[in-house]
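Report on the following structure.
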Amino acid sequence: MKTGLIVSAAVVLMASCKAPVAPDKIVNNQASLPASFSVNNMHVITSSINKRQQTMSTLYGNRIAVDRARSGKILAAGEQLVLVVWKQKPDENWFGANIPDKIESIEQVSTGNDPSAIGYKRYEGNPLALVSDTTGNKQRIVAIIAQQASVMP
Amino acid sequence: MKKRKTFRDILAALLVIFIALQFVRPSIPQQPVTSDIQAPPEVKAILRRACYDCHSNETKLRWFDQISPASWRVAEHIKSGRAVLNFSEWDKIAAPDRAGKLWESVNQAIAGAMPLKDYETIHREAHITEKDLIILKDYLNATVKDHPGDTAKQNAAKQQYQNWIDGKMNSAQLPKTLNGITYMPDYKNWQAISTTDRFDNGTMRVIFGNDIAVKAVHDGKINPWPDGTIFAKVAWDQLENKDGNVTTGAFKQIEYMIKDSRKYADTHGWGFARFKTPQLIPYGKTATFTSECVGCHKPVADRDFVFTSPLKN
């Protein structure tokens with residue numbers, strides 16, 4: 001009788017529990033940044049989506065850049081900005097959401113002691129490689145530094 | 001001989017108990033249909049077949065549902081089912097939340113969390129097939145509309161942004177939820193572990209993780225997440241321009257998940273909190289609001305109740 005109860009309880013428990021998913025299957029490896037492009041010393045300024053291109057992006061900044069953007073001021077000296085653009089993919093865990101997929105590009109904008117001296121680099125491909133064609137760089141810089149910080153109370 | 005007699009006695013006693021049990025019936029309240037959900041017939045047919053027994057006032061009890069002790073479990077299902085979602089009292093759900101309830105319901109069905117397995121085993125007709133899911137998904141997808149150049153949303157965002165950079169949003173006292181979680185303003189200096197484009201409700205989100213969460217991602221120790229992990233998920237309106245570019249609009253809400261397997265043992269080790277609007281109004285009318293959080297997170301129980309697939313920064 002006792003054994004029977006234990007067995008049936010175990011059967012019910014097993015039926016209601018799924019085996020835990022392996023952590024490596026949970027991490028979004030494809031969207032992860034290669035170590036050489038780490039932004040772990042930076043913070044989020046804003047994020048955006050392009051519905052037509054089905055991409056999503058996040059703009060990160062160093063402390064100077066974040067403080068400047070969150071107070072609505074213009075570009076300062078010593079800023080580092082990184083814009084990561086991902087292809088989107090449907091979220092397997094939520095019908096109704098898209099999440100980052102493969103990295104499309106990483107752009108880096110920086111200012112030196114003189115905030116008008118702006119450096120810009122763009123990386124694309126897998127593995128990410130520096131894009132040597134400088135056409136359109138100016139527009140990209142303007143577009144990146146114009147991004148307004150997201151409201152974070 | 002004696003053994004056989006004892007066995008017969010036990011059987012007889014069990015039978016008496018079983019018969020007696022039939023006189024102790026749980027009550028299932030009969031409630032009127034005040035406003036039934038409006039949906040295309042093919043969608044309605046699935047909802048009726050798979051959900052209505054527990055999520056409407058049109059419960060159809062079969063003979064086997066009425067035999068005690070099973071009837072008690074049936075009554076419990078109906079009671080809790082109606083409390084969470086009742087298609088017969090659709091007008092009692094605030095209009096903006098109705099679509100959210102439907103998306104959540106379909107997600108529960110996709111994840112196999114609904115209908116409940118023990119109910120479905122006995123009520124085979126309630127099973128939601130792959131074909132049913134396609135019908136439900138198509139219906140919901142058709143409700144998604146882009147609104148480029150929404151001036152109301154633009155104005156709301158503009159005003160909020162101005163208030164924020166002018167420092168007008170800083171409240172003297174940090175709000176606290178009924179389950180004792182205080183707003184943590186420092187989330188904005190944590191690492192982003194993912195972003196989501198929630199086209200189901202026209203918002204976009206950044207999910208931040210504290211140092212413990214970020215380290216856990218790097219160490220691959222995220223199922224279960226370690227105690228001390230905190231997530232902050234911030235949602236904004238999607239502001240779309242004519243070229244399909246979407247930027248963050250008005251701040252909608254922030255949600256926290258705090259891992260403390262002892263303190264929050266009742267909610268699978270997670271403390272849940274939500275603060276809405278720039279006024280940061282704590283969500284939940286009573287401390288039991290967290291049962292709503294747990295209910296929604298149940299389909300990802302095999303991922304320690306966390307939906308987010310974190311990326312390494």
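Within this structure, B:Phe208 fails the test of being touching a strand residue (DSSP E or B) at 6+ places or on another chain (Cβ under 6 Å), hydrophobic (A, V, I, L, M, F, W, C), in a strand (DSSP E or B) and in contact (Cβ under 8 Å) with a residue 60 or more places away in the chain.
When segment A:122-153 is filtered for residues that are part of a loop (DSSP other than H, G, I, E, B) and hydroxyl-bearing (Ser, Thr, Tyr), the ones remaining, listed by number, are A:Ser132, A:Thr134, A:Thr135, A:Ser150.
Could you list, in sequence order, the residues of segment A:111-123 that are within 27 Å of A:Asn28 (Cβ to Cβ) and either surrounded by fewer than 16 Cβ atoms within 10 Å (Cβ to Cβ) or among the hydroxyl-bearing types (Ser, Thr, Tyr) (or both)?
Filtering segment A:111-123 for residues within 27 Å of A:Asn28 (Cβ to Cβ) gives A:121-123.
Residues satisfying the conditions are A:Lys121, A:Tyr123.
One residue stands out in segment B:194-204 among those that are of a type outside the set (Ser, Thr, Tyr) and either in a loop (DSSP other than H, G, I, E, B) or surrounded by fewer than 23 Cβ atoms within 10 Å (Cβ to Cβ) (or both): the one that is farthest from the other protein chains (Cβ to nearest Cβ), namely B:Gly202.
Only a single criterion out of (1) in contact with a strand residue (DSSP E or B) (Cβ under 6 Å, 6 or more places away or on another chain); (2) under 28 Å from B:Asn189 (Cβ atoms); (3) surrounded by fewer than 17 Cβ atoms within 10 Å (Cβ to Cβ) is not satisfied by A:Val142, namely (1).
Candidates in segment A:34-56 are the residues that are part of a strand (DSSP E or B) and at the interface with chain B (Cβ under 7 Å from one of its Cβ atoms); of these, the one that is surrounded by the fewest Cβ atoms within 10 Å (Cβ to Cβ) is A:Asn50.
Only helices (runs of 4 or more DSSP H) wholly contained in segment B:82-168 count here; list those with 2 or more residues that are surrounded by 12 or more Cβ atoms within 10 Å (Cβ to Cβ) and polar (S, T, N, Q).
B:95-110, B:151-165
Residues in segment B:57-72 that are touching an Asp or Glu at 6+ places or on another chain (Cβ under 8 Å) and surrounded by 14 or more Cβ atoms within 10 Å (Cβ to Cβ): 3 in all.
Looking at the structure I just gave you, is B:Lys188 more than 8 Å from chain A (Cβ to nearest Cβ) and charged (D, E, K, R)? Steps first, please.
On the way: more than 8 Å from chain A (Cβ to nearest Cβ): no; charged (D, E, K, R): yes.
No, not satisfied.
With A:Trp94, A:Trp86 as the choices, which residue is under 17 Å from A:Ser32 (Cβ atoms) and within 14 Å of chain B (Cβ to nearest Cβ)? Going through A:Trp94, A:Trp86 in turn, the sole match is A:Trp86. Residues in segment B:117-132 that are touching a His at 6+ places or on another chain (Cβ under 7 Å) and free of Cβ contacts under 8 Å to residues at least 60 places away in the same chain: B:Glu120 only. Within segment B:237-263, residues that are within 14 Å of chain A (Cβ to nearest Cβ) and more than 28 Å from B:Gly180 (Cα to Cα) reach partners that are in a loop (DSSP other than H, G, I, E, B) and hydroxyl-bearing (Ser, Thr, Tyr) with beta carbons closer than 7 Å, at six or more positions or on different chains, in the pairs B:Thr248/A:Ser150. Answer yes or no as to whether B:Lys221 is within 10 Å of chain A (Cβ to nearest Cβ) and in a loop (DSSP other than H, G, I, E, B). Spelling it out, B:Lys221 is indeed within 10 Å of chain A (Cβ to nearest Cβ) and in a loop (DSSP other than H, G, I, E, B). Being surrounded by 15 or more Cβ atoms within 10 Å (Cβ to Cβ), basic (Lys, Arg) and modelled with pLDDT of 95 or more is a description that does not apply to B:Lys221.
The values are calculated or read from the model by the stated rules, or taken from the named source; none is laboratory data. None of these values were measured; they are calculated from a predicted model. All Cβ positions, glycine included, derive from the backbone under ideal geometry; neighbour counts span all protein chains shown.
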